[in-house]
1. Take the solvent-accessible surface of the protein heavy atoms, probe 1.4 Å, and return the percent of it on the chain that carbon and sulfur atoms account for.
2. Please give the per residue accessible area of the chain, computed with a probe of 1.4 Å over protein heavy atoms only, in Å².
3. Using a Gaussian network for the chain with springs between C-alpha atoms less than 10 Å apart, which of these wobbles most: Leu102, Leu81, Leu16?
4. What is the angle, in °, between the Cα long axis of helix 54-74 and the longest principal axis of the Cα atoms in the chain? Nearest 10 is fine, range 0 to 90.
5. Summing Lys, Arg as +1 and Asp, Glu as -1, what charge do residues with Cβ under 14 Å from the Cβ of Asp37 carry, Asp37 excluded?
6. Based on alpha-carbon atoms only, what is the radius of gyration of the chain relative to the globular estimate 2.2 N^0.38 Å?
7. Between Thr12 and Ser80, how many nm apart are label points set 7 Å from Cα along the C-beta direction?
8. Put +1 on the Cβ of every Lys and Arg and -1 on every Asp and Glu Cβ in the chain; which of Leu7, Leu115, Leu127 then has its Cα farthest towards the positive end of the dipole?
Amino acid sequence: MGQHDPLDGFVTYSELQATAESLGESPPFDLKPEIADMAEICRGMGKNLATDDPLGIGGLLFDASRIAQLMIHSGLKYESLLENVVDSAVLGLEYFVSNNQLEDPAEYRLAFRELGLSIGLSAVEKL
């Protein structure tokens, strides 16, 4: 399990459940037990989700955008989670920038990780 997999699972399950409920449909399954499981795992991880990995930072930013959308469209109360995710992403960005990782030669960098950061940065517009 990766560092942010429980957070991704929690947000994804929450989105699926909220979408089904907003459509007024009874989903063929109830994801509330899975949401509770992921929430418990996330609580066990503590508040520090920060990472220096550009892919992880991008994932945090993307998840922050998704959490904000859930709060706006579904009325879910995830303020402290959103704050924690954004704070962790900012810490990671500060580290990433201060270490000038983009100055390293291409053979020492992984493009998919930088693409993940780029996707996360584009999600910031929705915040």
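The values are calculated or read from the model by the stated rules, or taken from the named source; none is laboratory data. These numbers were taken from a predicted model, which means no experiment stands behind them. Cβ atoms come from the backbone with ideal geometry, glycine included; neighbour counts cover every protein chain shown. Remember, those area values only see protein heavy atoms, side chains included, never the ligands or the DNA or RNA. Shrake-Rupley method; radii C 1.70, N 1.55, O 1.52, S 1.80 Å.
1. On the way: 4450 of 7780 Å².
Carbon plus sulfur share of accessible area: 57 percent.
2. 61
3. Taking springs between Cα atoms under 10 Å, the residue moving most is Leu102.
4. 30
5. Values: positive: Lys32, Arg43; negative: Asp5, Asp8, Asp30, Glu34, Glu40.
In short, -3.
6. Details: Rg = 15.8 Å, N = 127, 2.2 N^0.38 = 13.9 Å.
Cα Rg divided by the expected 2.2 N^0.38 Å: 1.14.
7. About 2.6 nm, to one decimal.
8. In the chain, that residue is Leu127.
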